[in-house]
Each structure stands twice: as structure tokens, then as C-alpha cells.
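Shown next, in C-alpha cells, is the structure this report addresses.
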Amino acid sequence: MIIPKTREEIELMRASSLLVSKTLGMIAKEIKPGVTTLHLDKLAEEFIRDHGGVPAFLGLYGFPNSLCMSPNAQVVHGIPNNKPLESGDVISVDCGVLMNEFYGDHAYSFEIGEVAPETKKLLKVTKESLYVGIRQFKAGNRVEDVGNAIQTYCESHGYGVVRELVGHGLGRKMHEDPEMPNYGKKGRGKLFVEGMVVAIEPMINMGTKNIKQLKDGWTILTADMKPSAHFEHNVALIDGKPELLSTFQYVYDALGIVSDEEMEFRKLPLVI
């Protein structure tokens, strides 16, 4: 069952989502060759707690850390460890926060040092597909309209769209209805309703769409061991249109990136 949020609840969710955004921005300043994902995980936990939140992933379904950190062929749910990052790596950093009784949950895929051009393209197309999907999150549309848009865009570039892992509704629980797949057929799935909040998160592979799981019970890998990319935003349906609750602007400020990609999904300029 979809649980619409009031405007007041959406504002509480915006605060939770923005704490995730700020955490990713902090990580962007620290992530580089030689740094371990376990070190970054500890920094994230401290940052979240210092800013009035609780790391949402820590202990969720038994997950052992505050961040899911998934480098290269890892799609999602990678467990932080003591292996240093290397130049040429790419890594999805997925972060969740519980604050004001509501969850925020979004992700960014980072480049470490000098990354191969074909891998840069994968990240670029995956992030573009996120906004392609968000545009379809509007009054009158259904769940698979979003998935179809993401699938069509990514497959047109020859990439594999993961089937077994999906986005989701968000609220007082980390995972609410509806599931938000990154594939589908136009006009199918649950109808979007005013006030709903979702996490839209393309998980796109350079090669096959097929995946496998490590024996740790968490880490998901591409079946052909080619790189994967993952970007995620929290989005509310307000006045029939998608409005971002999360932002990549803190990441962009840390990395010196200039972008106006989020402007069409904001009613007011974001105050950083």
C-alpha cells in the first residue's frame, strides 16, 4: 500500500534526505586513492550522528556498516573493508539516515583518480538515466513508466539493466510500497498519487544485466565482472510533479563540478 505524506512530513523527509546529501558531500572530499572504505564508513557514521541523525543502514536487516560501498564490478550492498582504493576504481556510495522518524536514502558513484573513458561514459549515462526516470514520476503515470524510461535510455547505449534490484517507496520505513524497477512497460504498475515519496535508483552494468551474490550474503556483483554504476535520488510528488528532496550539489561543490541538472526538479533554489 502506498503511503502518501503530508507537506509537513515531506519537509521532515527533506531534512533527512539532505543529511544524506551532506554526508555524501563530506565523503567526496575524503575519497581518493589509498583511502579504505572502512575509514570512509567510520567518517560517515560520525558525521551523521554529529548532525542529529542515525545511520539507517547500520544493523538494517543485519547489515554491519553505515555505508554500502560497492567498487567496480560490485553493483550494490558492498561491505566496507580495509582494502585501499586505487586510481581507476569507480565506487557506488549508498547512504541512509533516520532523522525526525523519517528516512533519507540516496547514492552517488564516484571516480577514483584516472578512470577509463568507457567507464566514465557508463557513469554519465547512468546518472542521466536517473533524471530521465524522474521526469516520468508525475500525475497520471504509473510505476513502470519510470522503469521503461530508464531501461530504454540505458539499453540504447548497450548497457545491462539489473532486474533483481529495484528502487522503492520511502517514509517512516526504509522500504515502502511501491517497488520502483528500472525496467518495464509503459502504462503498467501502480498509479502515482499526490504526496508519495520514492527512491529512484538506476543500477546499470557495462555488460550483462545478470548479477551474482558473494558468500557474505550482501555483496552483489555483475555476472561478467564488468563495472557497474548506481545513482539514487529521493523524490516527492508535489502538485503532480516530481520534486527532489535530495541533492548532489554537496558532492559537486566538493569536486568542483558545475551542473544545473537538478533545477527543473526544484521549486526554489537550493540553499547550501
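The values are calculated or read from the model by the stated rules, or taken from the named source; none is laboratory data. The structure presented is a predicted model; accordingly, all values stated were derived computationally and were not measured. Note that we place each Cβ from the backbone using ideal geometry, even for glycine, and neighbour counts take in every protein chain shown. When the accessible area is computed, the model is the full protein with side chains, heavy atoms only, and any ligands, DNA or RNA have been set aside. Shrake-Rupley method; radii C 1.70, N 1.55, O 1.52, S 1.80 Å.
Below is a table of values for the structure above.
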read-out: Accessible area in the full protein assembly, largest first, 1.4 Å probe, for 9, 111; value: 111, 9
read-out: Residue 208-residue 224 pseudo-label distance in nm [points 7 Å out on the Cα-to-Cβ vector]; value: 0.9
read-out: Tail beyond 23 Å, pair distance distribution of the range 1-160 (Cα, percent); value: 46
read-out: Value of relative contact order over the range 10-123, rounded to a whole percent, pairs C-alpha under 8 Å and six or more apart; value: 31
read-out: Listed residue pairs exceeding 25 Å between alpha carbons, taken from 5/124; 121/212; 127/241; 42/226; 29/83; 5/29; value: 5/124; 42/226; 5/29
read-out: Accessible area (Å², 1.4 Å probe, nearest 10) - residue 191; value: 80
read-out: Pair-distance profile P(r), taking every C-alpha pair of the range 28-102, with 10 angstrom steps and integer %; value: 20, 52, 24, 4
read-out: Ratio Rg/Rh, restricted to the range 116-272 and using Cα atoms, in which Rh is the Kirkwood radius; value: 0.97
read-out: Residue-averaged [θ]222 nm for the chain, counting only DSSP H segments that reach four residues, each worth -39500 (n - 2.57); value: -9000 deg cm²/dmol
read-out: FRET efficiency estimate (nearest 0.05) - Cβ-Cβ, residue 191 to residue 163, R0 35 angstrom; value: 0.95
read-out: 5 angstrom amide H check on residue 203, placed H, neighbours 5+ away; value: 162
read-out: The chain - Kirkwood radius from inverse mean 1/r over Cα pairs (Å); value: 18.3
read-out: Cα-only Debye scattering, the range 102-174: base-10 log of I(q)/I(0) at q = 0.15, 0.16, 0.22, 0.28 Å⁻¹; value: -0.62, -0.70, -1.12, -1.34
read-out: Computed lengthening from residue 264 to residue 29, 0.36 nm per intervening residue step minus Cα-Cα distance; value: 81.9 nm
read-out: HN-Hα J in Hz across the range 160-166 - Karplus 6.51, -1.76, 1.60, θ = phi - 60°, x for Gly and Pro; value: x, 9, 4, 9, 7, 10, 9
read-out: HN-Hα J in Hz across the range 150-158 - Karplus 6.51, -1.76, 1.60, θ = phi - 60°, x for Gly and Pro; value: 5, 4, 4, 5, 6, 5, 5, 9, x
